[in-house]
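J.: The structure follows.
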Ligand code: B12
Ligand code: SF4
């Protein structure tokens, strides 16, 4: 069997969540989900497996047929996030245009919410709800053995037309989740053009990404991870993975765990092991302020952590409460102060247009940013995303008149405008405010001077200048 995994060319993104012109120079991050799938298949089968990351290799929808025909796959797996669903569906159409005999399977965060709805698209044969390693392996093995669709329907996490005919709904399909993350082989980064990945935020011109935990025990109302079972890998496993990355000559790692520091003891253990083994690399992580303490941050710094992103979301305590964020402004202040003392770069993520937010609360956020002085900020417009409590609230309060995300999933179009929380502001007003906040933070002599001091290469200089030009023109 020949299996081709495709991360679609993102050409038709429905996105106003962060401003598109500001995202453009963000860089390229590897599609880690597909790497996990491919590595698992390679370890446990003799299938021929290939990944195409269309974005990093600049393969457009027009170019894609050539790349698919070259590999002549039996099965094509496609990744889908909601914001690039149009592109995922376009890839499925391209595959079926080449040959109707190629089986198409779509997985990822979007089909995890809408596994059955996805099958309304005639170009998609199967979809996966949840973490795909085992389910996809079982599906492809069953296809090879010629198992019937009814038989395939008993594989956990797979939506089939057989199930649709029986009246199964999106919520009925059983979620597949890997209970023991250490049963997964360490992703083989050489399956991707690993030297090409970088970020506007990185120190090096080449980075890798890792995920050491899955799930998140918190319940923020705007997030679809809420309450999902938290699982982690041991320090040994993580260290092995770090070493395989360092052996490829990469010296910077972005940890993409939802919340890296949930388990304090684990963070301490990990950092001590990095120090013991004298592994030298820069890294960054996404963390919660209420899970951080001074000693944890000190150890992280000593172990090479150069930047931490914290979800701060608002400078107003009532708004934080409405978002069910579970943090206080005092905790935020304390942790950002510690980061300054320890010279760890801090990135504060804020959301604009939250429930209950008027210009007064936004002003509180602006004042808070000025007081906090993070090294970087990210402002995103609040988007009630599917399968979040915020979206359910949006429907309940009749802020949207129908289930717009379900409609979008049925027939995605690039013209779709994702919903906003329109209690006090229009979409236009929120975009205007967000642009202003970005400019006020980044286009200051103080910020520009600091960034210039940190530059290490001509490539980094060019990336940052381009990002700045985009911002000026926004
Ligand atoms: C890294 C990341 C990004 C990167 C993407 C780069 C890349 N090439 O992957 C960047 C920074 C660009 C990004 C952007 C956004 N992201 Co993001 N991102 C993530 C993050 C933190 C990690 C993704 C990851 O690597 N996970 C680890 C791997 C192992 O999991 P996975 O990718 O889900 O893959 C598994 C399954 O989904 C499935 N699977 C995936 N693909 C396929 C394909 C097949 C064929 C099969 C069978 C299975 C399968 O199996 C995989 C293995 O178990 C996740 C949160 C998370 N912890 O997952 C959010 C997440 C994916 N992002 C999300 C969102 C909403 C966004 C944004 C829209 C806004 C935002 N708030 O950040 C923006 C969009 C950009 C824009 N212009 O506005 C949501 C997606 C929700 C959805 N319904 O699609 C998530 C889940 C976070 C959240 N809870 O809100 N993101
Ligand atoms: S926003 Fe972060 S902390 Fe909150 S539920 Fe989602 S992943 Fe967890």
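Each value in this text was obtained by applying a stated rule to the coordinates, not by laboratory testing. Model, not experiment: these values are computed from the prediction. Note that each Cβ is placed from the backbone with ideal geometry, even for glycine, and that neighbours are counted across all protein chains shown.
J.: Which order do 260, 162, 379, 438 fall in if you start with the one that has the fewest other Cβ atoms within 10 Å?
T.: 162, 438, 379, 260
J.: Over the Cα atoms of the stretch 44-97, what radius of gyration and what Dmax do you get, in Å?
T.: So, for the stretch 44-97, Rg and Dmax equal 11.6, 34 Å respectively.
J.: Separation between the residue 166 and residue 71 pseudo-spin-labels, each 7 Å from Cα along Cα→Cβ, expressed in nm?
T.: Label-label distance for residue 166 and residue 71, simple model: 3.1 nm.
J.: Continuing with this model, one more query. What nm distance separates the two modelled labels at residue 403 and residue 1, each placed 7 Å from Cα along Cα→Cβ?
T.: About 3.1 nm separates the two model spin labels.
J.: How high is the FRET efficiency from residue 340 to residue 246, r the C-beta distance, R0 25 Å, rounded to 0.05?
T.: 0.30
J.: How high is the relative contact order of the chain, in percent, counting Cα pairs under 8 Å that sit 6 or more residues apart? Don't skip to the end; give the middle numbers.
T.: Values: 836 pairs, mean separation 68.6, N = 474.
Once divided by the residue count of the chain, the mean separation gives 14 percent.
J.: Show that you can apply the helix-only estimate: for the chain, add -39,500 (n - 2.57) for every DSSP H stretch of four or more residues, divide by all residues, and state [θ] at 222 nm to the nearest 500.
T.: Working: 20 runs with 196 residues, N = 474.
Result for the chain, helices only: -12000 deg cm²/dmol.
J.: Tell me the volume per residue, in Å³, of the convex hull enclosing the alpha carbons of the stretch 2-172.
T.: For the stretch 2-172, the hull spanned by Cα atoms encloses 111 Å³ per residue.
J.: Working only with C-alpha atoms, what are the Rg and Dmax values of the chain, expressed in angstrom?
T.: In order Rg, Dmax, the Cα atoms of the chain give 22.3, 65 Å.
J.: Moving to a separate point now. Contact order normalised by length for the stretch 2-172, with contacts defined as Cα pairs under 8 Å and 6 or more residues apart; what percent is it?
T.: 22 percent
J.: Where does each of 189, 231 land when they are ranked from fewest to most other beta-carbon atoms within 10 angstrom?
T.: Least crowded to most crowded, the residues run 231, 189.
J.: A further question on this structure: Taking the mean number of other Cβ atoms within 10 Å as a proxy for protection, how do you rank 132-144, 235-247 from highest to lowest?
T.: Going from most to least packed, we get 132-144, 235-247.
J.: Using a 10 Å cut-off around each Cβ, can you sort 300, 1 from fewest to most neighbouring Cβ atoms?
T.: Sorted ascending by nearby Cβ count, the order is 1, 300.
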